[in-house]
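Some notes on the structure that comes next.
The values are calculated or read from the model by the stated rules, or taken from the named source; none is laboratory data. Here the structure is a predicted model, which means the values were calculated and not measured. Positions of Cβ are generated from backbone atoms using ideal geometry, with glycine treated the same way; all protein chains shown enter the neighbour counts.
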């Protein structure tokens, strides 16, 4: 009897959950996806880190390379230069972008759509296009060099001006999102208490957008400190970390010191990323269920002031692009300003000729197709796989890792990892394949977050109902998740294509003579002094990116009518 009572009072035995076939398939697919991220991101970074502790013979020497680097004033001084231009560019870009975003979201000015589109133009161009334009404007033979009052554009001044142009749209997109969500009740309460417009701005508007301002600041800082194209073209003798890596690897073939500089460059980028993540965790929702969306009220003086500011900034952006387009058509600057298409005969100025441009088209197309498939499938596996929390957390961390890795660092890591004699994957080195893999890995995180956001909007009941009907999860993925998330999928594809067309730093170390890209050709032409041809190639990238974006907009609009009709009543 005692035994029976004891047995009755004891806890029931735990029942082990038996995994079904779909669960096993999903976990195996997630593991394969994790292996892909490890091979394309984690292992190249590990190879780079290992190389920084070795000598030329591959022997471990501890911190000797780091000691040599920091004891060399010419090299260590680049750290100060990098932080200087990064902080100064951030301090200029973020306030300008904030005022521009404020005009787009909090005023009733006209032509908001046009101003927003014009502000995003720099995204379509490689970073060094702005540097080329400013050389034509303020260089030794520049049209407006007298406006600099004897200062040289070749150095920190030129880098900062060009970086502001390049980073402006990136900061603007974040700040527009931050300012677009606001509770009108807070503003009504402040006005009823007699608060002035400036008081409301500093006590309601700015605190509500502070996380967007902080995030934009970190993004601009990271973009500037890791950018290679602008300092390479207009930096002159003002060395920064990004150009130091290039000089050590390409100029001196000192791969070990290049690895050291790469790790030094990785540190501030990684710290900025971690700080941004920690701050974003403290962000709270700006709109509750009872919130009233803020709608700006017309006020003629304020609206015209915002219109004037946005018009000036947009005109400067268009002007910089127009200068590059005009320079690409000039016969011989500044002595013969007649128009010609001879600069677009790239065979005259570069051994690869037009093949560099077509290589970029091929690489960008493959990056868009392969990258979109991998990214969306990986995001689906992370979001929809049942259980397996630890494995999903590890894969999510690997998916976020590329956002903290500068392109130069990742490209250098690819040299050490894929070019190693013992690596069975070495056959893709110096091929188009490694350029596609590198570009997908470099721009992975932003697209992953886009896919994750779209998938989170889907009710888990889709998978639950499919499971109850014995429908395989991969069929639900193809028949439900993909059609519903089609707008996000197209956004990912165009993002990958445009970034593949404009990237420089991530591929500067791993291209071959047969896979030279248009962005690399721009660097080569500028190096050889044929800056007009460099401007022409850069403009071809802009024209192509703009045409693809326009085509994407038209195709997406048609597909949304057919596949997204369920969203409308």
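Observations on the model:
- Residue ID - farthest from residue 64 (Cα to Cα), chosen from residues in segment 240-276 that are surrounded by fewer than 22 Cβ atoms within 10 Å (Cβ to Cβ) and free of Cβ contacts under 8 Å to residues at least 24 places away in the same chain: 271
- Annotation note: of 498, 523, 482, the sole residue that is outside any loop (DSSP other than H, G, I, E, B), outside the structural domain of residue 404 (by TED's automatic domain parsing) and either modelled with pLDDT of 90 or more or on the phi < 0 side of the Ramachandran plot (or both) is 523.
- Check on residue 440, modelled with pLDDT of 90 or more and either closer than 24 Å to residue 28 by Cβ or in contact with a strand residue (DSSP E or B) (Cβ under 7 Å, 6 or more places away or on another chain) (or both): yes
- When segment 224-249 is filtered for residues that are within 14 Å of residue 504 (Cβ to Cβ) and under 17 Å from the mean Cα position of the chain (by Cα), the ones remaining, listed by number, are 226, 227, 228, 229, 230, 242.
- Residue 136 vs. criteria outside any helix (DSSP H, G or I), in the same structural domain as residue 226 (by TED's automatic domain parsing) and modelled with pLDDT of 85 or more: no
- Qualifying residue in segment 88-107 (condition: over 24 Å from the mean Cα position of the chain (by Cα), surrounded by fewer than 22 Cβ atoms within 10 Å (Cβ to Cβ) and either not assigned by TED's automatic domain parsing to the domain that holds residue 443 or not in a helix (DSSP H, G or I) (or both)): yes
- Test: residue 120 is without any contact (Cβ under 8 Å) to a residue 60 or more places away in the chain and closer than 30 Å to residue 299 by Cα: yes
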